[in-house]
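Remarks on the structure that follows.
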Amino acid sequence: MLKRGFFSASLVLLCLFAVAQKKKGDKEQRVFVLSGNILSAADSNRVLQLYYNGLREKVVDNATLAIERFMQAVKTDPLHHPSYFELGQIYFKKGDLEKARLYAEKAVAIKTDNQWYWLLVANIYQQQQDYKLLNYALDELLQLAPDKLDYRFDKANALFMLGKFDESLRAYKALEDKIGLTDEVLQGRQRIYLKKGQFDKAVADLKELISNNPAEVRNYLYLGDLYYSEKKMAEALEVYRQAKQLDENNPFTRMAIAQILESQKKTDEAFEEVKAAFLQPSFGIDQKVKMVIKYFEAFPDQKAIARAEALAQAITEAHPTDPKAFSLYGDVLFQKADYPNAKKAYQQALALNKNVYLIWDQLLRINLYQNDAVALVKDGEEAISYFPNQYGLYFYVGIGYQLQKKSAQAITYLNNALAYDIDNVPLKAQIYSSLGDAYEAQKMYKESVAAYEKSLVLEPENTYTLNNYAYYLSLRNEDLAKAEKMSIKSNQLEKDNASFQDTYAWILFKLKKYAEAKEWMQKAIRNNPNSPVQYEHLGDILFKLGQTAEALENWSKSLKLNADNPLLKRKINEKKYIE
């Protein structure tokens with residue numbers, strides 16, 4: 001008994017894609033010789049199984065295994081066109097156009113009436129800018145789907161790219177007869193006129209459209225754009241203004257007018273047109289955002305800031321439900337240091353969408369600038385509920401607790417931040433420095449020293465870390481020589497900082513260098529005449545120098561600035577320095 005099988009006859013196919021319009025002297029000819037065999041039932045089943053396995057791998061984006069399965073399928077059956085097609089699609093997606101073309105052409109050579117095969121081939125030719133073959137492929141597609149408008153438009157464009165302008169015009173005319181004079185038809189036709197150097201014909205074409213439909217704004221815009229492209233600014237501006245009279249709310253007319261006014265150095269008039277355009281929701285928010293961000297390059301120029309603010313505010317009016325509008329407005333206000341209103345803008349943005357980390361970061365940064373400890377903790381903890389893996393949020397909350405003198409909670413959050421792999425070195429140094437302050441407040445001095453040391457390893461010239469570390473050492477009368485070196489270094493790095501000068505003076509006081517301490521404390525007071533601590537410290541120094549009357553005078557100044565100081569009151573009443 002004969003074994004039952006499926007026969008795939010020997011096949012020689014000439015794919016004359018490149019010679020579809022062959023001329024004398026052309027040598028290009030693609031020939032595929034594809035031969036098949038008598039397939040057993042087992043082989044046929046194996047091919048199908050390999051094909052479906054390949055499809056499964058393709059669906060889960062496992063291109064390597066998918067390719068392997070499809071290649072095995074065509075090795076068993078060299079005429080299995082679905083596998084060739086899938087291989088072509090995979091390589092096309094990968095950007096390997098040569099391999100994509102090889103397999104797609106094999107698929108369409110075997111199965112010449114498959115629209116999807118021809119479409120893949122056409123897409124490959126288009127990517128390769130092989131317009132002769134693209135034109136041939138589109139002819140095949142139009143035979144299979146004569147009413148498909150996309151193919152007709154692609155055909156008209158391919159003819160244009162081949163320099164067959166009259167044929168392309170006829171193709172666009174056929175499209176116009178079928179669907180009317182759409183934007184795409186008109187733009188295709190205009191492009192041909194301009195390529196042929198027939199500017200007057202392009203103008204006449206558009207003027208006829210305007211004459212036939214004088215209320216259609218887009219035709220004026222096309223004509224204005226045509227004049228503008230040829231640098232005929234006066235004619236373009238006149239046409240755009242005609243369009244504006246028809247529809248003052250058309251943002252594209254406004255932007256076109258602004259562009260010309262800007263080129264004429266009429267920047268104030270141009271800006272008014274831009275602002276009017278920004279108030280229209282039909283003008284996309286993403287384009288508006290890009291335009292406002294360009295102003296940032298000119299900051300801190302006040303005119304640039306004012307214009308950016310006006311446009312950003314206009315965006316919030318045009319797009320009141322889009323968080324991007326309020327986020328951008330907040331960014332502009334932040335740049336001009338208007339923190340209260342920037343904060344409101346960020347809060348409005350978050351009310352619309354709480355899933356944008358950068359908005360939370362900006363809001364928390366403002367809370368920090370304003371020393372709003374309660375808001376830092378409240379907003380920071382809410383932000384953590386949305387972004388639990390952002391170490392910066394733990395830092396903000398830790399600082400919030402620290403400002404509230406809740407050092408234990410601050411330590412917890414700051415250590416939580418350090419549990420992450422922090423690539424921001426300045427921030428990591430700041431976290432260790434803040435941790436040193438928090439441990440100091442908890443009288444965990446060993447841990448405090450370790451934290452400060454880690455901070456200084458990361459940033460040896462961080463003036464605030466140097467100052468705070470030195471000051472707390474002086475308060476404990478520990479390692480005063482090291483404290484002195486760190487303090488003088490902070491003053492060298494940042495001159496005329498009253499807080500740093502006070503620290504250095506106090507360390508000198510602890511070292512019994514009273515004359516130098518007096519000099520430095522007086523510098524501190526000159527730079528900050530409203531610090532009760534500094535007047536008290538100057539009084540302490542003066543007392544040690546035997547100048548009791550001057551000491552009492554400075555202690556009294558300190559008490560006027562801060563009446564809630566029981567130890568200071570004792571110094572004044574007992575007229576002596578008390579530790």
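Can we say residue 439 is touching a Gly at 6+ places or on another chain (Cβ under 8 Å), without any contact (Cβ under 8 Å) to a residue 60 or more places away in the chain and either open to solvent by 70 Å² or more (accessible area, probe 1.4 Å) or aromatic (Phe, Trp, Tyr) (or both)?
Values: touching a Gly at 6+ places or on another chain (Cβ under 8 Å): no; without any contact (Cβ under 8 Å) to a residue 60 or more places away in the chain: yes; either open to solvent by 70 Å² or more (accessible area, probe 1.4 Å) or aromatic (Phe, Trp, Tyr) (or both): yes.
No; evaluated as a whole, the condition is false for this residue.
Whether any residue in region 115-124 is more than 30 Å from residue 202 (Cα to Cα), in a helix (DSSP H, G or I), among the hydrophobic types (A, V, I, L, M, F, W, C) and open to solvent by 60 Å² or more (accessible area, probe 1.4 Å) is what I want to check. Spell out the reasoning first.
First, pick out the residues of region 115-124 that are more than 30 Å from residue 202 (Cα to Cα): 115-124.
Next, only the ones that are in a helix (DSSP H, G or I) stay: 115-124.
Restricting the remaining residues to those that are among the hydrophobic types (A, V, I, L, M, F, W, C) gives 116, 118-122, 124.
Keeping just the survivors that are open to solvent by 60 Å² or more (accessible area, probe 1.4 Å) gives 116.
For region 115-124, residues more than 30 Å from residue 202 (Cα to Cα), in a helix (DSSP H, G or I), among the hydrophobic types (A, V, I, L, M, F, W, C) and open to solvent by 60 Å² or more (accessible area, probe 1.4 Å): present.
Find all pairs meeting these conditions: Cβ atoms under 8 angstrom apart; at least six residues apart or on different chains; first residue within region 308-325 and hydrophobic (A, V, I, L, M, F, W, C); second residue outside any helix (DSSP H, G or I) and open to solvent by 30 Å² or more (accessible area, probe 1.4 Å).
What qualifies is 308/299; 314/279; 318/279; 318/280; 318/281.
So which residues in region 395-436 are outside any helix (DSSP H, G or I) and either free of Cβ contacts under 8 Å to residues at least 12 places away in the same chain or open to solvent by 20 Å² or more (accessible area, probe 1.4 Å) (or both)?
Filtering region 395-436 down to residues outside any helix (DSSP H, G or I) leaves 404-406, 419-424.
Of everything in region 395-436, those that are outside any helix (DSSP H, G or I) and either free of Cβ contacts under 8 Å to residues at least 12 places away in the same chain or open to solvent by 20 Å² or more (accessible area, probe 1.4 Å) (or both) turn out to be 404, 405, 406, 419, 420, 421, 423, 424.
Tell me, yes or no, whether region 452-469 has at least one residue that is small (Gly, Ala, Ser), over 25 Å from residue 544 (Cβ atoms), at pLDDT 95 or above and open to solvent by less than 60 Å² (accessible area, probe 1.4 Å). Give the derivation first.
Step one: of region 452-469, the residues small (Gly, Ala, Ser) are 455.
From the residues that got through so far, the ones that are over 25 Å from residue 544 (Cβ atoms) too are 455.
After this cut, where a residue has to be at pLDDT 95 or above as well, the list is 455.
Right, trim to open to solvent by less than 60 Å² (accessible area, probe 1.4 Å) and you get 455.
Yes, some residue in region 452-469 is small (Gly, Ala, Ser), over 25 Å from residue 544 (Cβ atoms), at pLDDT 95 or above and open to solvent by less than 60 Å² (accessible area, probe 1.4 Å).
Which condition from (1) closer than 26 Å to residue 456 by Cα; (2) assigned to a helix (DSSP H, G or I); (3) open to solvent by 10 Å² or more (accessible area, probe 1.4 Å) is the one that residue 496 breaks?
(2)
Among the listed residues 241, 191, 218, identify the single one that is part of a helix (DSSP H, G or I), more than 21 Å from residue 257 (Cβ to Cβ) and either charged (D, E, K, R) or open to solvent by 60 Å² or more (accessible area, probe 1.4 Å) (or both). Don't jump to the end; show me each part of the working.
Working: 241 fails: more than 21 Å from residue 257 (Cβ to Cβ); 218 fails: more than 21 Å from residue 257 (Cβ to Cβ).
Sole residue among the options that is part of a helix (DSSP H, G or I), more than 21 Å from residue 257 (Cβ to Cβ) and either charged (D, E, K, R) or open to solvent by 60 Å² or more (accessible area, probe 1.4 Å) (or both): 191.
Taking the condition within 27 Å of residue 256 (Cβ to Cβ) and open to solvent by 60 Å² or more (accessible area, probe 1.4 Å), does residue 173 pass?
Working: within 27 Å of residue 256 (Cβ to Cβ): no; open to solvent by 60 Å² or more (accessible area, probe 1.4 Å): yes.
No: the conditions fail for residue 173.
In this structure, is residue 544 over 21 Å from residue 469 (Cβ atoms), crowded, with 19+ Cβ neighbours inside 10 Å, in contact (Cβ under 8 Å) with a residue 12 or more places away in the chain and charged (D, E, K, R)? Outline the logic, then answer.
Numbers: over 21 Å from residue 469 (Cβ atoms): yes; crowded, with 19+ Cβ neighbours inside 10 Å: no; in contact (Cβ under 8 Å) with a residue 12 or more places away in the chain: yes; charged (D, E, K, R): yes.
When the stated conditions are applied, residue 544 does not pass them.
Within region 264-310, count every residue that is open to solvent by 70 Å² or more (accessible area, probe 1.4 Å) and either in contact with a Ser or Thr (Cβ under 7 Å, 6 or more places away or on another chain) or in a helix (DSSP H, G or I) (or both).
Qualifying residue count for the region: 10.
If a residue must be surrounded by 15 or more Cβ atoms within 10 Å (Cβ to Cβ) and of a type outside the set (Lys, Arg), how many such residues does region 559-573 contain? Working first, answer last.
Restricting attention to region 559-573, the residues satisfying the condition of being surrounded by 15 or more Cβ atoms within 10 Å (Cβ to Cβ) are 559, 561, 565, 568, 571-572.
Checking the rest, the ones that are also of a type outside the set (Lys, Arg) come to 559, 561, 565, 568, 572.
Residues in region 559-573 being surrounded by 15 or more Cβ atoms within 10 Å (Cβ to Cβ) and of a type outside the set (Lys, Arg): 5 in total.
Consider only pairs whose beta carbons are under 6 Å apart and that are at least six residues apart or on different chains; among these, list those whose first residue lies in region 493-518 and is closer than 14 Å to residue 474 by Cβ and whose second residue is open to solvent by 10 Å² or more (accessible area, probe 1.4 Å) and of a type in the set (Asp, Glu).
507/484; 508/516
Residues in region 311-320 that are open to solvent by less than 40 Å² (accessible area, probe 1.4 Å) and either touching a Ser or Thr at 6+ places or on another chain (Cβ under 9 Å) or not β-branched (Val, Ile, Thr) (or both): how many? It would help to see each step written out before you state the result.
In the first step, residues of region 311-320 are kept if they are open to solvent by less than 40 Å² (accessible area, probe 1.4 Å); the result is 311-312, 314-316, 318-319.
Cutting the leftovers down to either touching a Ser or Thr at 6+ places or on another chain (Cβ under 9 Å) or not β-branched (Val, Ile, Thr) (or both) gives us 311-312, 314, 318-319.
The total comes to 5.
Which of the residues belonging to region 510-519 are surrounded by fewer than 24 Cβ atoms within 10 Å (Cβ to Cβ) and part of a helix (DSSP H, G or I)? First the steps, then the outcome.
Filtering region 510-519 down to residues surrounded by fewer than 24 Cβ atoms within 10 Å (Cβ to Cβ) leaves 510-516, 518-519.
Once the filter is applied, which keeps residues that are surrounded by fewer than 24 Cβ atoms within 10 Å (Cβ to Cβ) and part of a helix (DSSP H, G or I), region 510-519 yields 510, 514, 515, 516, 518, 519.
Check residue 477 against each of (1) in contact with a Lys or Arg (Cβ under 8 Å, 6 or more places away or on another chain); (2) at pLDDT 95 or above and name the one condition it does not meet.
(2)
List, please: which pairs have Cβ atoms under 7 Å, are six or more places apart or on different chains, and start with a residue in region 122-142 that is of a type in the set (Phe, Trp, Tyr) and end with one that is open to solvent by less than 30 Å² (accessible area, probe 1.4 Å)?
125/133; 125/134; 125/137; 131/158; 136/17
Could you grab the pairs with beta carbons closer than 8 Å, sequence gap of 6+ or different chains, first residue in region 54-70 and closer than 12 Å to residue 83 by Cα, second one among the basic types (Lys, Arg)?
Hits for this filter: 54/69; 66/58.
Please work out which one of (1) more than 17 Å from residue 106 (Cα to Cα); (2) modelled with pLDDT of 50 or more; (3) assigned to a loop (DSSP other than H, G, I, E, B) is the condition residue 36 fails and give its number.
Every condition holds for residue 36 apart from (1).
Residues are listed down the side, and each one gets a yes or a no for (1) over 26 Å from residue 532 (Cβ atoms); (2) out of contact with any His (no Cβ under 9 Å at 6 or more places or on another chain):
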| position | (1), (2) |
| --- | --- |
| 427 | yes, yes |
| 441 | no, yes |
| 458 | yes, yes |
| 464 | no, yes |
| 467 | no, yes |
| 488 | no, yes |
| 496 | no, yes |
| 506 | no, no |
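Can you tell me which residues in region 240-278 are within 29 Å of the chain's Cα centre (by Cα), more than 22 Å from residue 303 (Cα to Cα) and hydrophobic (A, V, I, L, M, F, W, C)?
252, 256
Is it the case that residue 507 is within 44 Å of the chain's Cα centre (by Cα), in a helix (DSSP H, G or I) and either hydroxyl-bearing (Ser, Thr, Tyr) or at negative phi (or both)? Talk me through it step by step, then tell me what you get.
Numbers: within 44 Å of the chain's Cα centre (by Cα): no; in a helix (DSSP H, G or I): yes; either hydroxyl-bearing (Ser, Thr, Tyr) or at negative phi (or both): yes.
Spelling it out, it is not the case that residue 507 is within 44 Å of the chain's Cα centre (by Cα), in a helix (DSSP H, G or I) and either hydroxyl-bearing (Ser, Thr, Tyr) or at negative phi (or both).
Determine which member of the set 541, 525 is more than 28 Å from residue 435 (Cβ to Cβ) and under 47 Å from the mean Cα position of the chain (by Cα). Reasoning before the result, please.
Numbers: 541 fails: under 47 Å from the mean Cα position of the chain (by Cα).
From the options 541, 525, the qualifying one is 525.
May I ask you to list the residues in region 384-394 that are assigned to a loop (DSSP other than H, G, I, E, B) and either over 13 Å from residue 357 (Cβ atoms) or in contact (Cβ under 8 Å) with a residue 40 or more places away in the chain (or both)? Give the derivation first.
Initially, region 384-394 is screened for residues assigned to a loop (DSSP other than H, G, I, E, B), giving 387-390.
Once the filter is applied, which keeps residues that are assigned to a loop (DSSP other than H, G, I, E, B) and either over 13 Å from residue 357 (Cβ atoms) or in contact (Cβ under 8 Å) with a residue 40 or more places away in the chain (or both), region 384-394 yields nothing.
When region 426-453 is examined, which residues are found to be of a type outside the set (Ser, Thr, Tyr) and within 31 Å of the chain's Cα centre (by Cα)? I'd like the intermediate steps shown before the answer.
Restricting attention to region 426-453, the residues satisfying the condition of being of a type outside the set (Ser, Thr, Tyr) are 426-431, 435-438, 440-444, 446-447, 449-451, 453.
Those that are of a type outside the set (Ser, Thr, Tyr) and within 31 Å of the chain's Cα centre (by Cα): 426, 427, 428, 429, 430, 431.
Could you figure out which of (1) modelled with pLDDT of 85 or more; (2) within 38 Å of the chain's Cα centre (by Cα) isn't true of residue 171?
Result: residue 171 passes all but (2).
The values are calculated or read from the model by the stated rules, or taken from the named source; none is laboratory data. Note that this is a predicted model, so its numbers are computed, not measured. Cβ sites come from the backbone with ideal geometry, for glycine too, and all protein chains shown count toward neighbours. What goes into the accessible areas is simple: the full protein's heavy atoms, side chains included, and nothing from ligands, DNA or RNA. Shrake-Rupley method; radii C 1.70, N 1.55, O 1.52, S 1.80 Å.
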